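The values are calculated or read from the model by the stated rules, or taken from the named source; none is laboratory data. These numbers come from a predicted model, not from an experiment. All Cβ positions, glycine included, derive from the backbone under ideal geometry; neighbour counts span all protein chains shown.
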Amino acid sequence: MWAFCLSALRSGFRSRAVLLILVLGTLLVGVAFLAASFSPRQPKTVTMDVGFSGIRFSLILFAVFWVQELVGREVERRTVLYALAYPVSRAAYLLGRFIGVLGLLAVAAAVLGSLLWLSVILSGGHYTQSYPVQTGWPFWLAIGGLWVDAAVVAAFTLWIASLSTVQMLPVALGVLFAVAGKSLGAVLEYLERGAAGDAELVGRFGPLLQIIQYVLPDLSRLDWRGWPMYGIPVSDASVSYGVLLATGYVTVLLALAVMTFRRREFF
């Protein structure tokens, strides 16, 4: 399994798509720095907010493209047969690849997080905000939450790649999964508050979303940017619940991927 993990790390860093996404992520962090000029009173807060969104966008792209590159493309080209020719199980192959993707995502999160940290420090010049941002532990906790978020998306994409026969299907569904998971919490909260008095909307979609929330993870629970941006501490219970929820979904998705991959025929 570790051999597949190391192979995934080497292949991931050599991929051309990685360079393009890294450039895109760097540009997004640059946009976050420039966005500070639009808020003369809270420049660092704006930089941090835009930067966190840009990092999540980049990590999601990293996750889906790495899974597609390291698993989906190998299955499509049948080069996976060379790896499975060794006396190893298919589960070891998938888990090794997934751990490799997690390592690649951790490096990407650290690099982009460092760039954002530097942008926040430099933004706003000598202006002192009324409510200073926090660039210490809370900042890196928020970056860690984005990494866990991307790990869940990577696990879902891996499951789709284990059963898909269409090249770009894992990428497309992975991105849709990330968008839906992030939006679920806000939509549920909107309906719980009465949907601005629209009783018909609540009655029509409320029961459906109550069912969906047991199938689709609420990835907004991993967004802890409020602490470094506004000084609103995130409780240990909230962090633990978010990580536990993500771990549970990753475990289930990996189990589904392994079961599907074991039954798949490549001839």
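Going residue by residue through the stretch 83-101, is there one that turns out to be closer than 26 Å to P138 by Cα and either modelled with pLDDT of 85 or more or touching a Phe, Trp or Tyr at 6+ places or on another chain (Cβ under 8 Å) (or both)? The answer is yes, given that some residue of the stretch 83-101 is closer than 26 Å to P138 by Cα and either modelled with pLDDT of 85 or more or touching a Phe, Trp or Tyr at 6+ places or on another chain (Cβ under 8 Å) (or both).
One residue stands out in the stretch 1-58 among those that are at pLDDT below 70 and under 21 Å from S130 (Cα atoms): the one that is surrounded by the most Cβ atoms within 10 Å (Cβ to Cβ), namely S39. Inspection of the stretch 222-242 finds a residue satisfying the criterion of being over 26 Å from A32 (Cβ atoms), of a type outside the set (G, A, S) and at pLDDT 70 or above. Return the residues of the stretch 208-243 that are of a type in the set (G, A, S) and without any contact (Cβ under 8 Å) to a residue 40 or more places away in the chain; say none if nothing qualifies. Passing the criteria: S220, G226, S235, A237, S238, S240. List, please: which pairs have Cβ atoms under 6 Å, are six or more places apart or on different chains, and start with a residue in the stretch 67-90 that is part of a helix (DSSP H, G or I) and end with one that is crowded, with 17+ Cβ neighbours inside 10 Å and among the aromatic types (F, W, Y)? Close Cβ pairs satisfying both conditions: A83/Y93; R90/F261.
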